[in-house]
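Report on one structure; see the data block that follows.
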Amino acid sequence: MFKNKFHLNTTTVGIGGCRLNDTSNCSYEFQLFIFKCQLKLAAELKLPVVFHNCGINSFEITLRELKLHLNNTHKIHWHCINSKSDLNIISNFLNYFKNSLIGLNGSMTTPYDNDSKRIFNNWLLTQQDILDRIRIEADFPFLRPSTLETNQYNPISGITTGAQHIVNMLRIKKLNATKIIDRSNNNMRRMYGIN
């Protein structure tokens, strides 16, 4: 963790790479220490923060730490939300942090089991103004949508497949994958303050 003291011709738009991972070789205590440092830095610099969790056990701790270190208007992007996520925690997150986004990618199309997929799709349908709260992500080369062969998967096909899945699920008149991607891009611009 460091602050850039150099004069570069770049703009920092967020704090990224934050995560708690149940499967990591690093101790959970060390991961939590780093996560807290990143959140404190994001608060101090008033920068958006992007992160994701690996493992269901970290969702509640993550939300607690977010509420402890960031105010409810802070811009937060919770990456890689899918049917394996703790959806109650994600709902609480979206309700508490009004400027937050959730990232959806090909992993939401992968049927870990039909019940989980149905629950996730129904959950997504019940979220208020969900199109203003999502960011379509490829996460290439990881999390390939199950509908794509390995040789078909690239960042563009990943984003398009994710967007089409949302179109198929929401069934809103005159909504198509291009409009979902445009909305997602606008959400990202708003989150990170970029053009």
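The values are calculated or read from the model by the stated rules, or taken from the named source; none is laboratory data. Quick caveat: nothing in here was measured; it's all calculated off a predicted structure. Here the Cβ positions follow ideal geometry from the backbone for every residue, glycine too, while neighbour counts run over all protein chains shown.
For the range 149-158, what are the residues that are surrounded by 12 or more Cβ atoms within 10 Å (Cβ to Cβ) and either out of contact with any helix residue (DSSP H, G or I) (no Cβ under 6 Å at 6 or more places or on another chain) or without any contact (Cβ under 8 Å) to a residue 40 or more places away in the chain (or both)?
Within the range 149-158, Gln152, Tyr153, Asn154, Pro155, Ser157 qualify.
Exactly one residue out of Ile159, Ile181, Ile134 is closer than 15 Å to Ser107 by Cβ and either small (Gly, Ala, Ser) or modelled with pLDDT of 95 or more (or both), and it is Ile134. Can you tell me which of Ala177, Ala163 is among the aliphatic types (A, V, I, L, M) and touching a residue at least 24 places away in the same chain (Cβ under 8 Å)? When all the criteria are applied, what remains is Ala163. Applying the condition of being under 25 Å from Asn99 (Cα atoms) and among the hydrophobic types (A, V, I, L, M, F, W, C) to the range 14-32 and asking which residue is surrounded by the fewest Cβ atoms within 10 Å (Cβ to Cβ) yields Leu32. All conditions in (1) part of a helix (DSSP H, G or I); (2) in contact (Cβ under 8 Å) with a residue 24 or more places away in the chain hold for Phe33, with the sole exception of (2).
Checked against the criterion of being of a type in the set (A, V, I, L, M, F, W, C), assigned to a loop (DSSP other than H, G, I, E, B), closer than 23 Å to Ser184 by Cα and at pLDDT below 95, the range 80-93 has at least one qualifying residue. The lone criterion from (1) part of a helix (DSSP H, G or I); (2) in contact with a Lys or Arg (Cβ under 8 Å, 6 or more places away or on another chain); (3) among the polar types (S, T, N, Q) left unmet by Asn99 is number (1).
When the test is whether a residue is at pLDDT below 95, in contact with a strand residue (DSSP E or B) (Cβ under 6 Å, 6 or more places away or on another chain), of a type in the set (Phe, Trp, Tyr) and closer than 13 Å to Trp78 by Cα, Phe35 does not pass it. The test for being more than 25 Å from Ile159 (Cβ to Cβ), surrounded by fewer than 19 Cβ atoms within 10 Å (Cβ to Cβ), at pLDDT 95 or above and aliphatic (A, V, I, L, M) holds for Leu68.
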